[in-house]
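The values are calculated or read from the model by the stated rules, or taken from the named source; none is laboratory data. This is a predicted model, so every value here is computed, not measured. Here Cβ is always computed from backbone atoms with ideal geometry, including for glycine, and neighbour counts include all displayed protein chains. Just so you know, the surface numbers come from the protein's heavy atoms only, side chains and all, with ligands and any DNA or RNA stripped out. Shrake-Rupley method; radii C 1.70, N 1.55, O 1.52, S 1.80 Å.
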Amino acid sequence: GNSVTQMEGPVTLSEEAFLTINCTYTATGYPSLFWYVQYPGEGLQLLLKATKADDKGSNKGFEATYRKETTSFHLEKGSVQVSDSAVYFCALGSGSNDYKLSFGAGTTVTVRA
Amino acid sequence: DAGVIQSPRHEVTEMGQEVTLRCKPISGHNSLFWYRQTMMRGLELLIYFNNNVPIDDSGMPEDRFSAKMPNASFSTLKIQPSEPRDSAVYFCASSFVGGTGTETQYFGPGTRLLVL
């Protein structure tokens, strides 16, 4: 079945550093890919998504490109802020109707001032 | 837009008691999901409804858990009797699953359940 593997954390960075969180997937068909973010004490929020190969999702300075050849959807941000401290989840749609999302384990990111 | 609404936000109960969690999905969405989040097991899908009908309940841990969706604007997740290992954050999410199929799930703020 579909599954997603993401980089284990925790990740600790200084402000303005470059952030990369790796995510790779196993899937049949052509599923959509998502990054969700969870701030402390809150629910998950969609950060960005891509629906087909070579699509780039972007939001709030974060980017991720749907790479079919490497089955990856790595999340990047060029200059992180303290407010980016959160848990980041990579997620994979089912490929047929995408109603079911498979989530990675989550990566905790802490940005120090 | 009010977003997904969950209640209560926090619940503390004693082992053996019944617990009912409530969710109001986003208006117009036709799909609703219940998740459980723990440190040990991460985020787990418990059950999924489409057009108020349970489609996939393979993630429901055992018979102590039950979920209903009597109409498009309300769902409950019930645990009876509750046990300490049920302590977790329970999230409700909703989406619109349509022809394109690539729909985003919108999560509520969660209910933090502690069973003593």
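A few remarks follow.
- Qualifying residues in the stretch A:51-67 (those that are open to solvent by 90 Å² or more (accessible area, probe 1.4 Å) and in a loop (DSSP other than H, G, I, E, B)) - the one farthest from residue B:104 (Cα to Cα): A:54
- Residue in the stretch B:57-68 that is part of a strand (DSSP E or B) and acidic (Asp, Glu) present: no
- Looking across the stretch B:4-18, just one residue is outside any loop (DSSP other than H, G, I, E, B) and crowded, with 20+ Cβ neighbours inside 10 Å, and that is B:6.
- Residue selected from the stretch B:97-116 under the condition part of a loop (DSSP other than H, G, I, E, B) and of a type in the set (A, V, I, L, M), by the criterion farthest from the other protein chains (Cβ to nearest Cβ): B:116
- Any hit, the stretch A:15-28, residues being closer than 17 Å to residue A:108 by Cβ, within 12 Å of another protein chain (Cβ to nearest Cβ) and in a strand (DSSP E or B): no
- Number of positions in the stretch B:47-89 that are within 12 Å of chain A (Cβ to nearest Cβ) and within 11 Å of the chain's Cα centre (by Cα): 4
- Neighbours by Cβ (under 8 Å, 6+ apart or cross-chain): first from the stretch B:13-40, more than 23 Å from residue A:100 (Cβ to Cβ) and among the β-branched types (Val, Ile, Thr); second open to solvent by 20 Å² or more (accessible area, probe 1.4 Å) and not in a loop (DSSP other than H, G, I, E, B): B:13/B:114; B:19/B:11; B:19/B:78; B:20/B:76; B:20/B:78
- Qualifying residue in the stretch B:79-87 (condition: open to solvent by less than 10 Å² (accessible area, probe 1.4 Å) and either among the acidic types (Asp, Glu) or at pLDDT below 95 (or both)): yes
- Taking each residue of the stretch A:56-68 that is touching a residue at least 40 places away in the same chain (Cβ under 8 Å) and looking for partners that are of a type in the set (Phe, Trp, Tyr) with beta-carbon atoms closer than 6 Å, six or more apart or interchain, yields A:64/A:35; A:64/A:73.
- Among (1) assigned to a strand (DSSP E or B); (2) away from chain B (no Cβ under 13 Å); (3) at pLDDT below 95 - the single one residue A:91 does not satisfy: (2)
- For the stretch A:33-49, taking the residues that are in a loop (DSSP other than H, G, I, E, B) and free of Cβ contacts under 8 Å to residues at least 24 places away in the same chain, the one that is farthest from the other protein chains (Cβ to nearest Cβ) is identified as A:41.
- Residue identified as of a type in the set (S, T, N, Q) and either surrounded by fewer than 17 Cβ atoms within 10 Å (Cβ to Cβ) or outside any strand (DSSP E or B) (or both) among B:27, B:94, B:75: B:27
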